[in-house]
1. Which of (1) in the same structural domain as VAL163 (by TED's automatic domain parsing); (2) under 30 Å from GLU162 (Cβ atoms); (3) not small (Gly, Ala, Ser) is the odd one out, the single condition LYS203 does not satisfy?
2. Taking into account only those residues within the stretch 65-103 that are within 16 Å of the ligand (Cβ to nearest atom) and among the acidic types (Asp, Glu), which is modelled with the lowest pLDDT?
3. What's the total number of residues in the stretch 139-158 that are surrounded by fewer than 18 Cβ atoms within 10 Å (Cβ to Cβ), within 16 Å of the ligand (Cβ to nearest atom) and over 19 Å from TYR220 (Cβ atoms)?
4. If GLN218 passes every condition in (1) in a helix (DSSP H, G or I); (2) in contact with a Lys or Arg (Cβ under 9 Å, 6 or more places away or on another chain); (3) of a type in the set (S, T, N, Q) but one, which one does it miss?
5. Do you know which residues across the stretch 174-213 are within 11 Å of the ligand (Cβ to nearest atom), of a type in the set (Ser, Thr, Tyr) and in contact with a Pro (Cβ under 8 Å, 6 or more places away or on another chain)?
6. At pLDDT 95 or above and under 20 Å from SER202 (Cβ atoms), is that true of LEU58?
7. Exactly one condition in (1) exposed (fewer than 15 other Cβ atoms within 10 Å of the Cβ); (2) part of a helix (DSSP H, G or I) is false for TYR279; which is it?
8. Checking the condition within 16 Å of the ligand (Cβ to nearest atom) and not hydroxyl-bearing (Ser, Thr, Tyr), which residue from ILE252, ILE171 passes?
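The values are calculated or read from the model by the stated rules, or taken from the named source; none is laboratory data. Just so you know, these numbers come straight off a predicted model, no measurement behind them. Backbone-built Cβ (ideal geometry, glycine too); neighbour counts: all protein chains shown.
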Amino acid sequence: METASHESASTDSPLEPGLYIVAGPIGNLADLSPRAAEILRKADVVAVEDTRVSAKLLRAAGSDRPMVPYHDHSNDTLRQRLIDRMAREVVALLSDAGTPLISDPGYKLVRDARAAGRFVTSLPGPSAAIVALTLSGLPTDRFLFMGFLPSKAKARGDTLAEVAALRATLIFYESGPRLSDSLAAMADGLGDREAAVVREISKRFEETVTGTLAELSQRYADSPPKGEIVVIVGPPGEAPPATQDDADAALIEAMARLPVSKAAGEVAKALGLDRRELYARAMVLKG
Ligand code: SAM
């Protein structure tokens, strides 16, 4: 097992060489943290997705540091060169928007930096997924980030089928032109659940629209919205309470494997029913 720790970044001390994952804004430049801006000013090199997009943020942060384009599908030589530099230099990783690695490049760079024993740290900041979740009004205790759904219908249906039974809120990134079709596919594959379409977070036309998946699909069918979009889908509804027939079937199955009291305990847990009542019922069934 490997561990790495570091003193909390102080603004005066020189930076430890390594990889600094820098979360940028998702629409409002003022959301770049002072600590993130400082890293961008002090880095030896900033690895970016698109130099034109990141040039604006670097300017806003008062940074004149050189940039190199980086994608996870960049060739291994380029990645290795960055890993080598991290041994004695500060390499910052920046995305076009939000937190690197979240539907953005960086995973392989972090993986290889760790394997090489480099210092790795992350400057926390916005990610559209989490901000949208907080805006949705849907349960936040358990959630799954799904990224972008595949655009081909079969792959999209398969992906939705994989998660349909999960008792968790789901988070999807989407685009305006695909929105209505994706919402309809979600209603089809997940059931017509409560959902929220969250648009243009932290920008002038920020908007959250809530409804069921089918209602939202209908709403956007003829007017695909502009801008950047996150779809939040609530968990499936509570399963209907178990019937007497369900309980009997489960008891008979469990009693074939277990003593009566253990069978009653197992079924009580699985179906959320009273253990003592199930025990009495099990004795009747047995008799
Ligand atoms: N790394 C980014 C993050 O941490 O949120 C996500 C990058 S991903 C390539 C871009 C997608 O994120 C957009 O297509 C949209 O679904 C979502 N997104 C980014 N900024 C957004 C914003 N301001 N409002 C709503 N969604 C946004």
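1. Looking at each condition in turn, LYS203 falls short on (2).
2. Top of the filtered list is ASP72.
3. Here is the first cut: in the stretch 139-158, the ones surrounded by fewer than 18 Cβ atoms within 10 Å (Cβ to Cβ) are 139-142, 144-145, 147-148, 150-155, 157-158.
Filter once more, so that each one left must be within 16 Å of the ligand (Cβ to nearest atom): 144-145, 147-148, 150-151.
Narrowing further to those that are over 19 Å from TYR220 (Cβ atoms): 144-145, 147, 150.
Here the count works out to 4.
4. Here GLN218 meets the rest and fails (2).
5. SER202
6. Numbers: at pLDDT 95 or above: yes; under 20 Å from SER202 (Cβ atoms): yes.
Yes, satisfied.
7. All conditions are met except number (1).
8. Details: ILE252 fails: within 16 Å of the ligand (Cβ to nearest atom).
Unique residue meeting the criteria: ILE171.
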